[in-house]
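A short write-up of the structure that comes next.
Just so it is clear, none of the values below were taken in a lab; they were calculated from the coordinates. Given the structure is predicted, the values throughout are model-derived calculations rather than measurements. For neighbour counting, all protein chains shown are included, and Cβ atoms are generated from backbone atoms with ideal geometry for every residue, glycine included.
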Amino acid sequence: MKKIRNPFIHLKDDYTCFACSPFNKNGLKMEFYDDGECVISFWKPDKNFAGWGNILHGGIQTTLMDEIGGWTIFVRLNTAGVTTNISVQFLRPVLIDGNDIKVVASVINSENNFADLKIEILDSKGKLCSIGEIKYRIFDEEKARKKFYYPGVEKFYWE
């Protein structure tokens, strides 16, 4: 498994993404890994992201899914996209227990400027808690570079 280098890190003050920027003090600060088939994020929820009691809020779970989906489009398809539809099944609560959860994304289909992704969230014990299906409108590489890539960001690199 290889860590995916975040190519936006040099933007500092201009890079405040709630989900993946390490500079957003209230954000999720997600990091991503490539295992050859899927994109994976290990993330430790804390009480700031609880809905009720020690259960991770469903909106935060959906945000985790949407963000890893976008990075999966970058890494697997080498382009950018925008979410057009997201559907989430919450199967069991994700408990905030001081341990990492695992978010796993894979491309199911990519054609006609659309990509379908499957996202899973597993709790700290490895139990499947949530399943997401996301449809992205994807852009050809040239359009993606013009609209969505920042200057100096050519491709994603691995550390």
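Observations, loosely collected:
- Estimated FRET transfer efficiency when R0 is 30 angstrom, pair Asp100-Glu37 (beta carbons, to 0.05): 0.90
- Hypothetical label at Asp46: residues of the range 93-132 whose amide nitrogen lies under 14 Å (7 Å Cα-Cβ projection): 97-100
- Shape box of the chain [Cα atoms, principal axes, largest first, Å]: 46, 35, 27
- Net charge of Cβ neighbours under 13 Å - reference Gly132; Lys, Arg +1; Asp, Glu -1: -3
- Treating r as the C-beta distance of Phe18 and Ile108 and R0 as 30 Å, the FRET efficiency rounds to 0.70.
- Sorting the segments 131-139, 60-68 by their residues' average number of neighbouring beta-carbon atoms within 10 angstrom, most packed first, yields 60-68, 131-139.
- Taking every C-alpha pair closer than 8 Å and separated by at least 6 residues, the mean separation divided by the residue count of the chain gives a relative contact order of 24 percent.
- Straight-distance crosslink candidates among aspartates and glutamates, where the alpha carbon sits under 17 Å from Lys2 and sequence neighbours closer than 8 are dropped: Glu31, Asp34, Asp35, Glu37, Glu159
- 0 to 90° range, to nearest 10: angle between helix 58-77 axis and the chain longest Cα axis: 30 degrees
- Set Lys25/Lys118; Lys44/Lys143; Lys29/Lys125 screened for pairs whose C-alpha atoms are more than 25 Å apart: Lys25/Lys118; Lys44/Lys143
- Among Asp14, Asp46, Asp116: highest mean-square fluctuation, GNM of the chain, C-alpha pairs under 10 Å: Asp14
- Straight-line reach from Lys135: taking Cα to Cα under 15 Å and skipping same-chain neighbours fewer than 8 places apart, the aspartates and glutamates in range are Asp66, Glu67, Glu111, Asp116, Glu120.
- Taking the centroid of alpha carbons for each part, the range 16-33 and the range 54-86 are 13 Å apart.
- Each label was represented as a point 7 Å from its Cα along the Cα-to-Cβ direction; for Arg92 and His57 these points are 2.4 nm apart.
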